[in-house]
Protein chains: 2
Amino acid sequence: MKADALRGHLDAMLLAVLEGEPLHGYAIIEALALRSGGELDLPTGTVYPALRRLEAAGYLDSSWSEAAGRKRRTYRLSRAGRKVLAEKRQEWKAFSTVVDGVLRPG
Amino acid sequence: MKADALRGHLDAMLLAVLEGEPLHGYAIIEALALRSGGELDLPTGTVYPALRRLEAAGYLDSSWSEAAGRKRRTYRLSRAGRKVLAEKRQEWKAFSTVVDGVLRPG
DNA sequence: GCTCCACAAGTAGAGAGGCTACGTATAGCG
DNA sequence: CGCTATACGTAGCCTCTCTACTTGTGGAGC
């Protein structure tokens with residue numbers, strides 16, 4: 001699957017995987033691969049800048065920690081992020097309904 | 001609806017509205033608005049370049065005609081376009097399944 | 001000891017494609 | 001005579017994702 005098609009929907013997916021629990025960047029990539037049945041294998045050059053963008057927008061908070069000698073930046077959903085996630089779920093639903101309707105043969 | 005989310009899926013929708021009958025650019029925009037229940041109101045600056053791109057790729061053929069004193073460029077789906085449309089329908093299905101799966105709460 | 005891979009974070013620069021804002025032109029209505 | 005709908009088009013911007021790269025630790029295999 002061309003991950004480029006994500007354009008505009010990646011933010012929603014990042015917020016969604018952080019809904020249940022805080023995760024660090026690398027774990028987010030793995031969580032997305034897991035949830036998508038292996039379809040999504042996002043490059044770090046896509047995910048890390050996106051996370052920073054979402055933090056700058058106030059939808060995520062982050063903090064550094066250390067585990068097994070490795071530094072991790074763990075992200076968690078902010079209150080604003082939770083709200084935006086709900087909106088983006090709605091938007092996705094509306095969007096996919098529209099595309100389904102247009103693409104349906106006949 | 002933010003039409004920017006279309007990114008990467010516009011081509012499929014353009015090919016889809018041309019599946020049943022050839023249409024000219026302006027009519028394509030109207031057809032998309034109709035099929036989407038008014039959700040899609042694409043600017044000409046989005047649609048016209050996209051149509052030319054699809055023609056350059058060999059997925060559409062075009063010809064000029066004149067109706068009511070106005071010149072129209074009518075586009076029709078080529079054999080290659082029909083094939084690509086079928087592929088893009090599959091891609092969309094796979095894509096929306098993945099996003100649904102990731103966005104689903106829990 | 002050395003190499004390679006998994007883990008972990010990041011940046012720089014390129015490319016694609018949709019958007020805004022224009023420009024051009026005809027027909028018809030008030 | 002101006003406004004709106006019809007009809008086509010381009011230029012330049014902007015955003016986001018991608019490729020390719022850098023930096024560093026820990027553990028497994030040889």
For this session: List, in order, the whole-Hz ³J(HN,Hα) value for each residue of the range A:62-69 obtained from phi through the Karplus relation with A = 6.51, B = -1.76, C = 1.60 and θ = phi - 60°; use x for Gly and Pro.
Result: 9, 8, 8, 8, 10, 9, 6, x
Exercise. From the residues A:Thr46, A:Ala16, A:Leu77, which one has its Cα farthest along the dipole of chain A in the positive direction, the dipole being from +1 and -1 charges on Cβ of Lys/Arg and Asp/Glu about the Cα centre?
Worked result: A:Leu77
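Using the beta-carbon distance between A:Glu55 and A:Asp4 and R0 = 30 Å, what value does 1/(1 + (r/R0)^6) give for FRET efficiency, to the nearest 0.05? Intermediate results must be reported in sequence, preceding the final value.
Working: r = 23 Å, r/R0 = 0.78.
Efficiency, rounded to the nearest 0.05: 0.80.
Pairs of Cα atoms under 8 Å, at least six residues apart: use those to get the relative contact order of chain A, whole percent.
Working: 98 pairs, mean separation 30.0, N = 106.
The normalised contact order for chain A reaches 28 percent.
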For this session: Would you compute, from DSSP H runs of 4+ residues alone, the mean residue ellipticity of the protein assembly as shown at 222 nm, taking -39500 (n - 2.57) per run and dividing by the full residue count, rounded to the nearest 500?
Result: -18500 deg cm²/dmol
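Given the convex hull over the Cα atoms of the protein assembly as shown, what projected area results after averaging over all orientations, in nm²?
Working: hull surface 53.6 nm².
The number I arrive at for the protein assembly as shown is 13.4 nm².
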For this session: With label points built 7 Å along Cα→Cβ from the Cα atoms of B:Lys93 and B:Thr46, find their separation and express it in nm.
Result: 2.6
Problem set entry | Binned Cα-Cα distances of the range B:3-90, short to long, each 10 Å bin given as a whole percent | 17, 54, 27, 2, 0
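Just so you know, all these numbers are worked out from the coordinates, no wet-lab data involved. Please read all numbers here as calculations on a predicted model, not as lab measurements. Note that we place each Cβ from the backbone using ideal geometry, even for glycine, and neighbour counts take in every protein chain shown.
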